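One structure is given below, encoded as structure tokens.
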Amino acid sequence: MQRRTLLRNAGIAAGVAALAGFGMGLAAGKTEKPEDLPVARRLPSDLCERLGDVSVLFPEKVELKQTGVAEVRCSAEVEEDSQPTHTRASLTVTVQTFAAKKGSTADDVARADYDHEPWQAVQNRPYPTKINADPQGEDVWDISVLTTRGDLVVQVEYAAAPVIRDAAQAAVLAIADKAAWEAK
Amino acid sequence: MSTTPEIPGYSFSEQLLDHELAGVWRGASVTGMEVVALVLSEAGAADPQVRDRLAQASRNAALQPGRTDAPLWAANLTATLPYAITQLAPGYSGAERLLDPLDGVFGNDQGAINEVRRRLDASAPPAVPTYAQAGLPTYTDHPRDSGRTFPAPGGQPGTSAGAGLPVVAAPKGGKYWAVMLAVPLFGFLVTYQIGAAVNSASAEPEPSSPKQPVQDAVQPEPLPTKVLLPGIPKSAPAQPRTGIPPVSLVGATPRSVAGTETFDKLGLPFAVHAPNDAWGQVILEESSFSIYRRLLDGEPGAATVDVWIAAHPCKDLAGCLAQRAEFDARWTKRTHAVRPATARDAQTWFTETEATAGTKYQLTMTRAFLSPSTRSWWLVGVKATATPGTIRTAQGVVNDIRTQTS
């Protein structure tokens, strides 16, 4: 009797636990081991240096400072206060590689990140490219460019004055291409 | 072996003893209660004395059972084959004990009776503590209820399904809880893995753009040789000019600047006076052509007087006059102003536009002047808008700028 009661109670509890386990397992999915997780491609440690001299975008000579590993940021800025003329510029180049996710390749993930930005597409480019040009006054532009190639997404943000849009956009696109080339 | 007896309400599964006068059978009632039955053989039933002895023994078993005797449960002493039935209760003697008195010689069938009991014990479920063993009175202490404990269908805690006797439930110890934890946990882990595997197998890829081959890396173009335009040199703070006669472009002659707010750090080649300290400045941009500033008598959007100022450096007066058209085109476009068209003098042009249903009063001016502060020539553009009650204030600010650029 005692044994039958025990078996019956244990059976009921096991049934409930089994249902709960199946539901939770279905919701959570398999636990990935850290060593099994896909890892994004590492970028060169001297990526910003490889971009070359970008001083032409500034009123004086500058060097890009590199920060980050998985997402490398190259940045430089010249403030107007340091200049004898009303001139300023800042540049940030963000280079990021993406890892594959469950059901998606690294290229898919990078493309999804690129597609997320609702900017205007630029035609006749070697890689998919979007641009956002925001005038801040006469000869003052904030221009951002986003481009992707494979598992790579490059974003270049350039804010300068005085500058005309065409010159600023050409420079930003050239830097984006350079970053994609050096990070290939 | 005798033929299985047929007694309504009972079924028999095993013959425990085949005696010449009677057979002892193990069976169960329709309610599931296990019983022991003694059924007279044809020889026994044919002997009136045997029938009488069974009747007497059954009466005693029904009315005066011993403490370890299961009381008579059922009997039919007038049937073709008379029988007596007791409940099968571990530790209690049953109907088999009625065998001994049948032949009138007591004790001579003890071996057969013991054999029956051995066989019952061998097939009976493990002994469980009874109320008697637990120090509690047994049902057998109450003749009316003797043997009337019905078996609990499927077994109920605290009762014995096999014997129909109430028992004390065993305490739930460590073993019980170990099983109660281990079995569900095992079931949980197994089904969790199954669920996780189903999840992984049915995972849908993230939505993404259609598959496209990775473009070959393209050798980048070199950077342009020139990106920035030349900036306008910065001006030192312009001291407000004093001791000069006020000049009126339109409206009344400016009042004294005493008690007014002075803006001399606008980066412009002249200072500007505002009527009171409620006025504020907005540093706009500096293009490659002009410096833009703004003065208001309140927060942008809530101001009643709004003054936009543009300043463009020239090489000399001739240069200023040559660039005036371009300057006017640029600064009036930037500030959405009416281009100054009426010449006040050789270096000053203005336009006064009255307010309409959808526009404010607007006074614009372009002037070429030599700045004492920078010692260089400049073209200055001014647009002042005003609500109907603040027109003279706007005119006063423009007249002050005209005076400061004398």
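Below, the figures for the structure above:
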| quantity | calculated |
| --- | --- |
| Acute angle (nearest 10 degrees) that the helix A:165-182 long axis makes with the longest principal axis of chain A, alpha-carbon atoms | 50 degrees |
| Under Karplus coefficients 6.51, -1.76 and 1.60, residue-wise ³J(HN,Hα) of region B:53-58 in Hz, glycine/proline x | 5, 5, 5, 5, 5, 5 |
| Whole-number percent relative contact order across region B:310-406, with pairs defined as alpha carbons under 8 Å at least 6 apart | 27 percent |
| Inter-site label distance for B:Asp316 and B:Glu6 at 7 Å from Cα along Cβ, in nm | 14.6 nm |
| Between region A:85-140 and region B:32-69, the Cα center-to-center distance that results, in Å | 103 Å |
| GNM top mover of A:Gln155, A:Gln66, A:Gln136 - chain A, alpha-carbon springs below 10 Å | A:Gln136 |
| Peptide ranges B:181-194, B:334-347 listed from the most packed, as the mean C-beta count within 10 angstrom indicates | B:181-194, B:334-347 |
| Relative contact order computed over chain A (Cα-Cα under 8 Å; 6+ residues apart), in percent | 17 percent |
| Peptide B:97-109, shielding by other chains (average Cβ, 10 Å cutoff) | 0 |
| Table column - 3J(HN,Hα) (Hz), region B:345-350, Karplus curve with 6.51, -1.76, 1.60, x for Gly and Pro | 8, 6, 10, 9, 9, 8 |
| Region B:49-104: relative contact order in percent, alpha carbon pairs under 8 Å with at least 6 residues between | 36 percent |
| Shielding of B:173-186 by partner chains, average beta-carbon count, 10 Å | 4 |
| Degrees separating the helix A:106-115 axis from the principal Cα axis of chain A, which is the longest one | 60 degrees |
| Between helix A:2-28 and chain A: long-axis angle, C-alpha atoms, 0 to 90°, nearest 10 | 20 degrees |
| Average other protein chain Cβ within 10 Å of Cβ, residues A:164-175 | 3 |
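Here, each number is a calculation from the coordinates, and none is a lab measurement. The shown structure was predicted, so the numbers you read here are calculated from the model rather than taken from an experiment. FYI the Cβ positions are ideal-geometry reconstructions off the backbone, even for glycines, and counts take in every protein chain you see.
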